[in-house]
Amino acid sequence: MTPPMASSLAVLISLVCATLASGAAGVRVDLTRIHAHPGVTATRFVRDALRRDMHRHTARRLAAASNATVSAPTRKNSPGGAGEYLMTLSIGTPPVRYPAIADTGSDLIWTQCAPCSDHHCFKQPTPLYNPASSTTFGVLPCGSPLSMCAVEPAPGCSCPYNSYNYTYGTGWTAGIQGTETFTFGSSAADQTRVPNIAFGCSNASSDDFTGSSGLVGLGRGAVSLVTQLGAGRFSYCLTPFQDTRSTSKLLIGPSASLDGAAGVGSTPFVASPAMGPSYYYLSLKGVSLGATALPIPPNAFSLKADGTGGLIIDSGTTITSLGNAAYQKIRAAVVSLVTLPTSADASAATGFDLCFALPSLKAAPPAMPSMTLHFDGADMVLPSESYMMQDSGVWCLAMQNQTDGEVNILGNYQQQNLHILYDVRHETLSFAPAKCSTL
């Protein structure tokens, strides 16, 4: 016999799926990069993004050590922030616009709520959502299977009001869980309203999310937007980092498809360990530069029985981070092909380990072969501009190394101009090269 709460959840998921199906093509949302600001140079963007990524990696190490669930978009010090992507949706009745960081490495959906003083909340670009002004707000019951007290028990979680304290490395947010009607869609013509979405109504947060009004978790957990919509699949296509004018796209439901695309590759997700249930793990077998397979140890990317290692794909991390054994082989292969002098000053300025000095500020870099990531059943081909970064007369390998045994991360810089489909129903990631500005 189905428990009453589980039955209610099944009805809700059926309602949501019917709502998505009634839309022309599901949910379609524009994504904009926080750092897309004319005053932010690529060098400064990289330095800030690497600092943010470092804190995010630290949070994952702490999570593995404590068996807690932690993820980490952290403080942005540049005028336009770092490398996160914002999706704009609306919450409540009447709807209030809400630009939120889209993050495949966490689950909770949340926005800052009134009342919230400057001492407890960060400055955001839109007015605070006020639950008292919405006719569709409700408090999520503690007995709900979407309660943080049930999903991720923690010292900050308490009833009867489903209060929570959700930690993101050096950042955090706290409040109560509610339910609301969310409105999705990039234009009035394709808007979809979905009732009873569980979300966090935060009335205290650290100053780590400036440029947004909250965050939308797209991970594999019960409270993520993907799971709550029950749509079965979602996809995104990220425009090149040097393109600050075009918008990227996030598609949820029937519109998330690679039908008709050329060069589609598919690889299965790897089952997540207990300490990383939100993450999308992939099986990476090796790396090639051009036609040369690099001599990387076979187990460099393996997920161990104790939950260490493995590789995840993450929209909330900017730069790909690999264990030292793999990174050093890639670094050596790049050095062997580039005749330019290395630049310690450029490395110090950007935070990248390997940078080359170009002959002049506007000089074009030399031609480089594509890099191929050999996944289980599929090859992901990265052109040189997706693993090398040019700015102001320097040219750097846009990857970083870390201690062997830590989780390897495929960041969003390496995902640019790829249409990436997460088929959560069939546990598969598919991808195809695309001109994302035209999707």
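The values are calculated or read from the model by the stated rules, or taken from the named source; none is laboratory data. Values in this document were obtained by computation on a predicted structure and should not be read as measured data. Backbone-built Cβ (ideal geometry, glycine too); neighbour counts: all protein chains shown. Only protein heavy atoms, including side chains, enter the accessible area calculation; ligands, DNA and RNA are left aside. Shrake-Rupley method; radii C 1.70, N 1.55, O 1.52, S 1.80 Å.
Could you sort HIS120, HIS374, HIS419 by their accessible area in this structure, using a 1.4 Å probe and putting the largest first? Don't jump to the answer; show the numbers that get you there.
Working: HIS120 100, HIS374 50, HIS419 15 Å².
Highest to lowest solvent-accessible surface, that is HIS120, HIS374, HIS419.
Just the protein heavy atoms count here, and of the accessible area of segment 199-310 at 1.4 Å, carbon and sulfur take up 54 percent. Using R0 = 45 Å, the C-beta based FRET efficiency linking VAL381 and LYS123 works out to 0.65.
Accessible surface calculations at 1.4 Å, restricted to protein heavy atoms, place segment 103-258 at 36 Å² per residue. Excluding ligands, DNA and RNA, the accessible surface per residue across segment 282-391 is 42 Å² with a 1.4 Å probe. For segment 242-340, averaging the sequence separation of C-alpha pairs within contact (under 8 Å, six or more residues apart) and dividing by the residue count gives a relative contact order of 20 percent. Using the Cβ-Cβ distance between ASN165 and GLN242 with R0 = 35 Å, the FRET efficiency computed as 1/(1 + (r/R0)^6) comes to roughly 0.35.
Plainly put, segment 300-439 has a radius of gyration that is 0.98 times its Kirkwood radius, both from alpha-carbon atoms, as the Rg/Rh ratio. Residues of segment 198-242 with backbone nitrogen within less than 18 Å of a virtual label 7 Å along the Cα-to-Cβ line of VAL139, please, listed as ranges. 198-204, by backbone N distance to the label point. The listed residues ARG331, ARG33, once ranked by accessible area (1.4 Å probe) with the largest placed first, stand as ARG331, ARG33.
Annotation for segment 209-249: trypsin sites (Lys or Arg not before Pro) lying in DSSP loop with at most 10 further Cβ atoms inside 10 Å of their Cβ are ARG245. Between SER392 and ALA332, the simple spin-label model (points 7 angstrom out along Cα→Cβ) gives 3.3 nm.
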